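The values are calculated or read from the model by the stated rules, or taken from the named source; none is laboratory data. Quantities reported herein were computed from a predicted structural model and do not represent experimental measurements. No Cβ is skipped: glycine too gets one built from the backbone with ideal geometry, and neighbour counts run over all protein chains shown. These accessible areas exclude ligands, DNA and RNA; they are computed on the full protein's heavy atoms, side chains included. Shrake-Rupley method; radii C 1.70, N 1.55, O 1.52, S 1.80 Å.
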Amino acid sequence: SLTVVMFCRTFYDNTDAGRARALQLDAADGRPYEDFYDVIVENKTYSGQEWPLRVLPIFKRAFKRFPTIANWGGPGGGMPSASSDGNFLEALNMSLNIFHKHHIDRDLGRTGQAVVIITAGTGVFEVNRELSHVTKQRMHDNGVGIDLLCINEPVMHVVPLFIFKRQAPG
């Protein structure tokens, strides 16, 4: 069973218009931002050779429309964040919601619980310390594994590597 969600964080200008558009302010530097999620495929099951024929056209359409969904460019539009500044843990926590009651009404046709995240970055993420602890505990409690595929050049250390954001004073 496959669910695919595209996610990103869009940063806006630190102006009155940008702050009015954004839903959040970055705790570390006060930049206004908004997180976006687009469910591409939800709980789909295909047999072996059907995958490419069924899923690739869906992915192509999704990649074409995502910049519009994420409000990149145009009047009042923002800029996509770098992978390291994105909403990695927030998206991971949303995917963990699927496994929250995994022990109730089990579908024995499927086994295992795994999340695969593909990032354009190197696997280094600036995250909130408390959210990282909550995420780790949820993954342990539900027995969920995660695979991280980094498209960028490999780094010389184990990833994911979390750099904890400093909270803004005040």
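A few remarks follow.
- Among the residues making up the stretch 6-18, a single one is in contact with a Gly (Cβ under 9 Å, 6 or more places away or on another chain), charged (D, E, K, R) and open to solvent by 80 Å² or more (accessible area, probe 1.4 Å): 13.
- A Cβ distance below 9 Å, combined with a sequence gap of six or more or placement on separate chains, defines the contacts here; from the stretch 62-75, residues that are at positive phi reach residues that are assigned to a helix (DSSP H, G or I) and surrounded by 14 or more Cβ atoms within 10 Å (Cβ to Cβ) in the pairs 71/21; 73/67.
- Flag for residue 27 being open to solvent by less than 100 Å² (accessible area, probe 1.4 Å), in a helix (DSSP H, G or I) and either within 30 Å of residue 165 (Cβ to Cβ) or aromatic (Phe, Trp, Tyr) (or both): no
- Per-region count, the stretch 31-57, residues more than 18 Å from residue 83 (Cα to Cα) and either touching a Phe, Trp or Tyr at 6+ places or on another chain (Cβ under 8 Å) or not aromatic (Phe, Trp, Tyr) (or both): 17
- Applying a threshold of 6 Å to beta carbon distances and a minimum spacing of six or more residues, or different chains, the list of pairs starting in the stretch 135-152 at a residue that is over 16 Å from residue 124 (Cβ atoms) and ending at one that is β-branched (Val, Ile, Thr) and open to solvent by 80 Å² or more (accessible area, probe 1.4 Å) reads 147/116.
- Considering the stretch 39-61, and only residues there that are open to solvent by 100 Å² or more (accessible area, probe 1.4 Å) and in contact (Cβ under 8 Å) with a residue 24 or more places away in the chain, the residue that is nearest to residue 10 (Cα to Cα) turns out to be 42.
- Scanning the stretch 109-133 for residues that are surrounded by fewer than 14 Cβ atoms within 10 Å (Cβ to Cβ) and within 19 Å of residue 93 (Cβ to Cβ) yields 114, 116, 118, 129, 130, 133.
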